[in-house]
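Each remark here refers to the structure printed beneath this line.
The values are calculated or read from the model by the stated rules, or taken from the named source; none is laboratory data. Because the structure is predicted, anything quoted here is derived from the model rather than measured. FYI the Cβ positions are ideal-geometry reconstructions off the backbone, even for glycines, and counts take in every protein chain you see. Calculation scope for accessible area: heavy atoms of the full protein, side chains included, ligands and nucleic acids excluded. Shrake-Rupley method; radii C 1.70, N 1.55, O 1.52, S 1.80 Å.
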Amino acid sequence: FLSTVYFNEITLGFLQGLREQQPALEGEMGAFAASLEHADLEQTRKDLAAEYARVFLGMSRSPIAPYESVYTSDAHLLMQDARDDVLKAYRAEGLAVTNGGGLPEDHVAFEFDFMGRLCQKALEALEAGDEKEARRCLDKQREFFETHLESWLPDLCSDARKRVRTSFYQGAVELTELHMESERALLFPDAA
């Protein structure tokens, strides 16, 4: 879900899906999903596309660059060490960024997608009775979370919270923060 939210402008199909199959969401995203019942979905899509362009595509004076390199490199530039590191992690798992439209691999959407794929691999290993592979995938999740996501997503969320205006993107930031808390608790249960 979060990978989709951050990857590109929200599509009409995505909004129709939220309207028809309202997931059990609370907070801002829950309020947004509930508001879709009588909303003009095409106008909502346009409003969200404008917000996405303003905040994440540089169509404002203070956009947000949703790339780990920008947040973690000394010069705050794209295509720095973080990009190389996540690319190595993806390749080590036999995964590649697809349909990226030329975006650097350390984009927040790709990093969320990678974590989701590791979860899927762990689940498949458990279903196949391969506990060793499931543990390996869990260890990779811990490593990626600690080395990558946790090193910059709190700052991205802080920046986004200051800039987003729609309840959808306010909800996305809120869900991202909750997801990070949940991931930390699940991946590092002894730290709590």
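Which value, in debye to the nearest 20, gives the size of the charge dipole of the stretch 86-192 about its Cα centre, when Lys and Arg are +1 and Asp and Glu are -1 at the Cβ?
280
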Task: Percent carbon-and-sulfur accessible area, the chain, ignoring ligands, DNA and RNA, probe 1.4 Å - done: 50
TODO: Would you mind working out the accessible area per residue for the chain, using a 1.4 Å probe, and quoting it in Å²?
DONE: 54
Open item on the list: Below 11 angstrom from the Cβ of residue 141, what's the summed charge of the other residues (Lys, Arg +1; Asp, Glu -1)?
Closed with: +1
Open item on the list: In whole Hz and in residue order, list the ³J(HN,Hα) couplings for the stretch 126-137 that follow from phi through the Karplus curve 6.51 cos²θ - 1.76 cosθ + 1.60, θ = phi - 60°; x for Gly and Pro.
Closed with: 5, 5, 8, x, 9, 5, 4, 5, 4, 5, 4, 5
Task: Label-point separation in nm, residue 22 to residue 158, each point 7 Å along Cα→Cβ - done: 3.5
TODO: Just reorder 108, 97 by solvent-accessible area, largest first, 1.4 Å probe, all chains present.
DONE: 97, 108
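Total Lys pairs in the chain closer than 24 Å by alpha-carbon, pairs eight or more apart in sequence or interchain only?
Details: 46/162; 88/121; 88/132; 88/140; 121/132; 121/140; 132/140.
Value for the chain: 7.
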Task: Size of electric dipole in the chain: Cβ of Lys, Arg +1 and of Asp, Glu -1, about Cα centre, debye, nearest 20 - done: 460
TODO: Could you list the residues of the stretch 129-170 with an amide nitrogen less than 15 Å from a label point located 7 Å from the Cα of residue 61 in the Cα-to-C-beta direction?
DONE: 163
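Using the per-residue mean of other Cβ atoms lying within 10 Å as a proxy for protection, in what order, highest first, do the peptides 38-51, 151-164 fall?
Averaged packing, sorted descending, gives the order 151-164, 38-51.
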Open item on the list: If each residue of separation counts as 0.36 nm, what is the full-extension length gain between residue 179 and residue 37 once their alpha-carbon separation is subtracted?
Closed with: 48.5 nm
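Which order do 139, 84 take by accessible area at a 1.4 Å probe, largest first?
Ranked list, largest accessible area first: 139, 84.
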